[in-house]
Amino acid sequence: MFRPAVTPAGNGPRLFFQRVPEGKVGKNRMHLDLHVGADRYEAEAARLEQLGARKLWYTDDRGAKCWTMADIEGNEFCVD
(Lines give C-alpha, C1' and ligand atoms only; values in the text may rest on other atoms or scores of the structure.)
Protein backbone atom coordinates (compact mmCIF):
# COMPACT_ATOMS: atom_id res chain seq x y z
CA MET A 1 0.00 0.00 0.00
CA PHE A 2 1.35 3.44 -0.92
CA ARG A 3 0.72 6.52 1.21
CA PRO A 4 1.66 9.91 -0.22
CA ALA A 5 2.95 12.61 2.10
CA VAL A 6 2.47 16.23 1.06
CA THR A 7 2.35 19.59 2.78
CA PRO A 8 -0.98 20.75 4.28
CA ALA A 9 -1.42 22.97 1.23
CA GLY A 10 -1.21 19.88 -0.98
CA ASN A 11 2.09 20.76 -2.63
CA GLY A 12 5.77 20.26 -1.94
CA PRO A 13 7.81 17.08 -2.05
CA ARG A 14 5.88 13.87 -2.34
CA LEU A 15 7.02 10.78 -0.49
CA PHE A 16 5.61 7.31 -0.86
CA PHE A 17 5.81 4.70 1.87
CA GLN A 18 5.49 1.06 0.98
CA ARG A 19 4.95 -1.75 3.47
CA VAL A 20 7.39 -4.64 3.19
CA PRO A 21 6.99 -8.09 4.74
CA GLU A 22 10.39 -8.22 6.44
CA GLY A 23 11.27 -6.33 9.60
CA LYS A 24 14.17 -3.99 10.17
CA VAL A 25 17.41 -5.95 10.51
CA GLY A 26 20.06 -3.23 10.42
CA LYS A 27 20.48 0.45 9.83
CA ASN A 28 17.65 2.62 8.58
CA ARG A 29 17.04 2.43 4.87
CA MET A 30 16.07 6.10 5.01
CA HIS A 31 16.15 8.85 7.66
CA LEU A 32 13.61 11.67 7.66
CA ASP A 33 13.99 15.07 9.30
CA LEU A 34 10.61 16.64 10.02
CA HIS A 35 11.07 20.42 10.18
CA VAL A 36 8.01 21.78 11.99
CA GLY A 37 9.57 24.90 13.52
CA ALA A 38 10.94 25.97 16.88
CA ASP A 39 7.48 26.79 18.19
CA ARG A 40 5.96 23.39 17.27
CA TYR A 41 8.63 20.69 17.63
CA GLU A 42 7.76 19.76 21.25
CA ALA A 43 4.04 19.49 20.49
CA GLU A 44 4.74 17.46 17.35
CA ALA A 45 7.05 15.08 19.23
CA ALA A 46 4.32 14.61 21.87
CA ARG A 47 1.72 13.94 19.15
CA LEU A 48 3.98 11.35 17.54
CA GLU A 49 4.52 9.67 20.93
CA GLN A 50 0.74 9.29 21.24
CA LEU A 51 0.81 7.51 17.87
CA GLY A 52 3.44 5.02 19.07
CA ALA A 53 6.79 6.71 18.39
CA ARG A 54 9.32 7.08 21.20
CA LYS A 55 11.88 9.75 22.01
CA LEU A 56 15.48 8.53 21.83
CA TRP A 57 17.51 11.67 22.56
CA TYR A 58 17.41 15.45 22.44
CA THR A 59 20.07 17.70 20.98
CA ASP A 60 20.63 21.36 20.27
CA ASP A 61 24.33 21.16 19.41
CA ARG A 62 23.83 22.20 15.77
CA GLY A 63 21.69 25.23 16.47
CA ALA A 64 18.20 23.78 16.03
CA LYS A 65 16.50 22.06 18.94
CA CYS A 66 15.80 18.52 17.84
CA TRP A 67 14.30 15.24 19.09
CA THR A 68 15.60 12.06 17.52
CA MET A 69 12.76 9.58 17.68
CA ALA A 70 11.96 6.05 16.56
CA ASP A 71 8.80 4.75 14.97
CA ILE A 72 7.14 1.53 16.14
CA GLU A 73 9.58 -0.56 14.08
CA GLY A 74 12.68 1.23 15.39
CA ASN A 75 13.34 3.43 12.34
CA GLU A 76 14.87 6.70 13.48
CA PHE A 77 13.80 10.17 12.43
CA CYS A 78 14.25 13.72 13.71
CA VAL A 79 11.69 16.36 14.68
CA ASP A 80 12.89 19.96 14.80
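Report the calculated FRET efficiency for ARG40 and ARG19 (r = Cβ-Cβ distance, R0 = 30 Å), to the nearest 0.05.
0.60
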Within straight-line cross-link reach of LYS65, lysines at Cα separation under 22 Å, skipping those fewer than 8 residues along the same chain: LYS55
Using modelled amide H (1.01 Å from N, peptide plane; none on Pro or chain starts), what sits under 5 Å from the amide H of LEU56, excluding residues fewer than 5 places away? THR68, MET69, ALA70
Leaving ligands, DNA and RNA out of it, work out the accessible area of MET30 with a 1.4 Å probe and give it in Å² to the nearest 10. 100
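The values are calculated or read from the model by the stated rules, or taken from the named source; none is laboratory data. Everything numeric in this text was worked out from a predicted model, so none of it was measured. Every residue, glycine among them, receives a Cβ derived from its backbone with ideal geometry; neighbour counts consider all protein chains shown. Only protein heavy atoms, including side chains, enter the accessible area calculation; ligands, DNA and RNA are left aside. Shrake-Rupley method; radii C 1.70, N 1.55, O 1.52, S 1.80 Å.
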